[in-house]
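Participant: Before we start, here is the structure in question, set down as structure tokens.
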Amino acid sequence: MILTLGCGGLVAGEIFISYRRADEAWARLLHAQLRAEGVEAWYDALVGPGQDWRVSTAKALEASEIFVLLFSENAAQSSDIAKELAAATLEKKLIIPIRLQNIAPKGAFLYELASRNWINAYEDTEAKLGEVAKGLAHLVRTGARDESVLPFDHSARSGQPRITLSRIKQRPLIIVAASIVAVAALFWFNSRPATVVASSQQSPGPAGISVAVLPFLNLSGDPKQDYFSDGMTEEITSALAEIPHLPVVGRTSAFAFKGKNEDLQVIGKTLRASYLLEGSVRQAGDKVRITAQLIKAATGDHVWTDSYDRELKDIFAVQEDVARAIAGALQVPLGLKAGENLVSDRSIDPLSYQDYLRAKSIFRARNNGAPVTAATALLELIVAKHPDYEPAWALLAQMEVLAANYGSNALTALHGPGDPEALRRLAGTAVPKAEADARHAIALNPRSSGGYLALALVQWFRGQMLDAEQSFKQALSIDPQNSDTLHWYSGYLGTIGKINEAVAMRDQLYTLEPLVANFNMGTVRVLVTAGDNAKALAMALALPPTSATRALNLAEIYASLGRYKEAADALRENRVGASPERTEAARRILLAAPASVKGQNVPYLGVDSFVFAYVGLPERAFDFVQHNADAGYNYGSYTFQIWQPDYAPGRKTERFKALVRKMGLVDYWRARGWPVFCHPVGTDDFACD
């Protein structure tokens, strides 16, 4: 029986053609020959625009009965083809291997293909594929499984010796068989559970290991359910991060590979991960199936796999089981006391938990306006219904303290016309609530890393620098590789004048998260503050053109290099809190630089205030930071730039001294020591340069 789904959509048949992209011409030819015989087959060129190729592939493979493998040197290096072959094996499909080159199977293909009959098509390929098409068409039409109608080479004319199981020396048979079965889990096929549970009594695991969790596939058939599969990815990642001796890298960067057909070795090198965890999620009503598999990135070998058919109410147990199984497979101790779990908070009903995952998805995307408002509303409903669910309180607190980032009204307050009153009102409502919610999260769970991060931001933005330092350290002691904490803490370190420490933390963050534009934009700003314009420029130019502060960063770098026209041209593209009138005023100043504008009535320029450092008004380079400090809201993304080298003349002014007092920096320095930029003068005064 032939299956065709939708005009212009996914077309599937009894025959699934697996091939490497370099061999696409032969796959296309075989597909055409089968059609000429009246038989529909599937290969991935049939995946339509906007469709996720992995989901389409999984569904087509599930629907097929015959698996045709076009084998070549390129195919032998593909972990994706190995997965497809393993899935076909597990489902007991008829497997037809066709050699496009005179080579023997090796690596992940060795066990499954070693003892099979082969069709050798490396000579007179077109004619041989025509014979294959006729034989396959006969099998489809008759429903028979008589392989004798296919042109197998039983005489080994290829010169390749017939490989038998007795010649497999590379690894024990049970390990090879297990790896073949393991890879099938990705495609949501049935497999027997084989969960490996790690003991908390194990010794520390092997050195040099690190894990990245790739976005789990959404196999529900509804793209609107992506929030759930993405949420499972994040939640399992968080559970793994609780394991002390298991570095988890690319927690956010991994999402850059969502829906992309990238080689696993490339992904591993990019994320600096020695192991990759991938899987799939299918939700139907109150039922969910999750599959997961652990892969060694350098070789594509499959270390562990399992599948879980559960009710939604048991979803936390699945997350726990997966994390424990990974630890067991890698021989890493869990570091848990008796009775402790990696997923500690489970006090929420399934529907509310799905709303929590929706809110996390919105927060991760960092959208402006209504969507973020909707996420906050979801979290408010969740904590009202489940006042003991700490993760929702911690996330809500972070969204509240960063309220000035989100929504048109908040952005107007932050970047407004220079009157701090609107921002003061925002800070007067959102920040106290954020503090209360953060403290509630910590009371519920003293190991709430998110709660301590939110509290640190509250304290920093209020100028309570000593308290903020303690909260940041507490957050990192709980989760040393939390990228959001590293991102904000490095900004805090820069603000108090510890620029070298801030740069070192940005390096650590980049090692963990190389593909997060928001983090890389922050790194550019820290590098500019450190005076490393060459490195900052290279990183800024590498940012996606759509990155929010790319244009602003470039303008600041070019201005610092004295390339004022390029700075003005870059500023034309700035979309961060600047009105067209304000941007045009800043551009006019840059185009006239380094001519002084002293004595001219230049209006407040918000984030574009950096231009004043180059036209004889150095103290006004601090206008934006001053605007926020006057509102009692020391907004963190820009405060550390007070130490930019070109701002040194402005740091000698009384305005600057009053500003850093208001920001709480002087009190911090008197308690913890002075930065290299400043020193005490007498009992009550100080000077900066």
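The values are calculated or read from the model by the stated rules, or taken from the named source; none is laboratory data. Keep in mind that this is a model prediction, so the values were computed, not measured. A quick note on method: Cβ atoms are made from the backbone with ideal geometry, for glycine too, and the neighbour counts reach across all protein chains shown. Please note that ligands, DNA and RNA were not included when accessible areas were found on the heavy atoms of the full protein model with its side chains. Shrake-Rupley method; radii C 1.70, N 1.55, O 1.52, S 1.80 Å.
Participant: With each label point set 7 Å from Cα along the Cα-Cβ vector, what nm distance links ARG575 and ALA329?
Facilitator: Label at ARG575, label at ALA329, 3.9 nm between them.
Participant: When a/c reaches 1.5 or more, the comparison of a/b and b/c decides; with that in mind, is segment 28-93 rounded, prolate or oblate per its Cα gyration tensor?
Facilitator: rounded
Participant: Counting each DSSP H run of 4 or more residues in the chain as -39500 (n - 2.57), what helix-only mean residue ellipticity at 222 nm follows after dividing by all residues, to the nearest 500 deg cm²/dmol?
Facilitator: Helix contribution divided over all residues of the chain: -14500 deg cm²/dmol.
Participant: Read phi for every residue in segment 418-430 and hand back ³J(HN,Hα) as whole Hz from Karplus 6.51 cos²θ - 1.76 cosθ + 1.60, θ = phi - 60°, with x for Gly and Pro.
Facilitator: x, 8, x, 4, 4, 5, 4, 5, 5, 5, x, 10, 5
Participant: Which one of LEU457, PHE686, SER229 has its Cα pushed farthest toward the positive end of the charge dipole of the chain, where Lys and Arg give +1 and Asp and Glu give -1 at the Cβ?
Facilitator: Ranked along the dipole, the leading option is PHE686.
Participant: Ok, one more. Under the rule of at least 5 residues apart or a separate chain, name every residue whose amide H is placed under 5 Å from the amide H of TRP304.
Facilitator: Residues meeting the amide H criterion: LEU294.
Participant: Here's another thing I want to ask about it. Go through GLY328, PRO544, PHE16 and say which Cα lies farthest out towards the positive end of the charge dipole of the chain; charges sit on Cβ, +1 for Lys and Arg, -1 for Asp and Glu.
Facilitator: Farthest along the dipole direction, towards plus: PRO544.
Participant: Leaving out ligands and nucleic acids, note down the accessible area per residue over segment 401-518 with a 1.4 angstrom probe, in whole Å².
Facilitator: It amounts to 36 Å² per residue over segment 401-518.
Participant: Report, in debye and to the nearest 20, how large the dipole of segment 237-357 comes out about its Cα centre when Lys and Arg carry +1 and Asp and Glu carry -1 on their Cβ.
Facilitator: For this selection, approximately 360 debye.
Participant: Any chance you could get the radius of gyration and Dmax over the Cα atoms of segment 478-565, in Å?
Facilitator: Considering segment 478-565 through its Cα atoms, Rg and Dmax are 12.8, 47 Å.
Participant: To continue, here is another question. For LEU561 and ASN601, what does the FRET efficiency come to when R0 = 41 Å and r is the distance between their Cβ atoms, rounded to the nearest 0.05? All intermediate terms of the calculation are to be shown ahead of the outcome.
Facilitator: Numbers: r = 29 Å, r/R0 = 0.70.
For LEU561 and ASN601, the calculated efficiency is 0.90.
Participant: On alpha-carbon atoms, Rg over Rh for the chain using Kirkwood Rh?
Facilitator: Rounded to two decimals, Rg over Rh is 1.05.
Participant: Next up: Give me the net charge for the shell around ALA87: Cβ to Cβ below 10 angstrom, other residues only, Lys and Arg +1, Asp and Glu -1.
Facilitator: Values: positive: LYS83, LYS93; negative: GLU62, GLU84, GLU91.
Local net charge: -1.
Participant: Just the projected area, averaged over all directions, of the convex hull on the alpha carbon atoms of segment 249-323: how many nm²?
Facilitator: Orientation-averaged projected area of the Cα hull: 5.4 nm².
Participant: Turning to a different aspect of this structure: Give the shape of segment 34-145 as rounded, prolate or oblate, defined through the alpha-carbon gyration tensor: a ≥ b ≥ c are the square roots of its eigenvalues, a/c under 1.5 means rounded, and otherwise the shape is prolate if a/b is larger than b/c and oblate if not.
Facilitator: Cα axes put segment 34-145 in the rounded bin.
Participant: Give the Rg (one decimal place) followed by the Dmax (whole number) of segment 312-400, computed from C-alpha coordinates and expressed in Å.
Facilitator: Just the Cα atoms of segment 312-400 yield Rg and Dmax of 15.3, 46 Å.
Participant: Looking at the calculated P(r) for segment 417-518, what percent of the C-alpha pair distances fall above 18 Å? Intermediate values should be presented prior to the final figure.
Facilitator: Numbers: 2691 of 5151 pairs.
The calculated P(r) of segment 417-518 puts 52 percent of pairs beyond 18 Å.
Participant: Would you work out if segment 548-654 is rounded, prolate or oblate? Take a ≥ b ≥ c from the square roots of the eigenvalues of the alpha-carbon gyration tensor; rounded if a/c is under 1.5, else prolate when a/b is larger than b/c, oblate otherwise. Don't skip to the end; give the middle numbers.
Facilitator: Numbers: a/c = 1.41, a/b = 1.15, b/c = 1.23.
Judged from the Cα gyration tensor, segment 548-654 comes out rounded (a/c under 1.5).
Participant: Another one. How much of the accessible area of the chain, in percent, comes from carbon and sulfur atoms when a 1.4 Å probe is used?
Facilitator: 52 percent
Participant: Can you run phi through the Karplus equation (6.51, -1.76, 1.60; θ = phi - 60°) for segment 341-358 and list ³J(HN,Hα) in whole Hz, with x for Gly and Pro?
Facilitator: Once rounded to whole Hz, the list reads 10, 6, 9, 8, 9, 10, 8, 7, 7, x, 5, 5, 5, 5, 5, 4, 5, 4.
Participant: Right, next: Around GLN641, with a cut-off of 11 angstrom between Cβ atoms, what is the net charge of the other residues, counting Lys and Arg +1 and Asp and Glu -1?
Facilitator: -1
Participant: Would you work out the charge dipole size for the chain about its Cα centre, treating the Cβ of every Lys and Arg as +1 and the Cβ of every Asp and Glu as -1, and quote it to the nearest 20 debye?
Facilitator: Working: 71 positive and 74 negative charges, 171 e Å.
With Lys and Arg at +1 and Asp and Glu at -1, about 820 debye.
Participant: Could you order peptides 468-478, 230-240, 646-656 by the average number of other Cβ atoms within 10 Å of their residues, highest first?
Facilitator: 230-240, 468-478, 646-656
Participant: Over 19 Å, how big is the tail of the calculated P(r) for segment 214-362, in percent of all Cα pairs? Kindly include the intermediate steps, with their values, before the conclusion.
Facilitator: On the way: 5643 of 11026 pairs.
Tail fraction, whole percent: 51.
Participant: Report the equivalent ellipsoid semi-axes for segment 591-675 in whole Å, largest first, defined as the square roots of five times the eigenvalues of the gyration tensor built from alpha carbon atoms.
Facilitator: Details: eigenvalues 116, 38, 22 Å².
Whole-Å semi-axes of the equivalent ellipsoid: 24, 14, 11.
Participant: Given the alpha-carbon gyration tensor of segment 324-481, what are the semi-axes of its equivalent ellipsoid in whole angstrom, ordered largest first, with each equal to the square root of 5 times an eigenvalue?
Facilitator: After scaling each eigenvalue by five and taking roots: 30, 19, 14 Å.
Participant: Hey, another quick one. Convert each backbone phi in segment 634-644 into a coupling constant with the Karplus relation 6.51 cos²θ - 1.76 cosθ + 1.60 (shift: θ = phi - 60°), then list the ³J(HN,Hα) values in order as whole Hz, x for Gly and Pro.
Facilitator: Residue by residue, segment 634-644 yields 6, 4, x, 6, 10, 5, 5, 6, 4, 9, 4 Hz.
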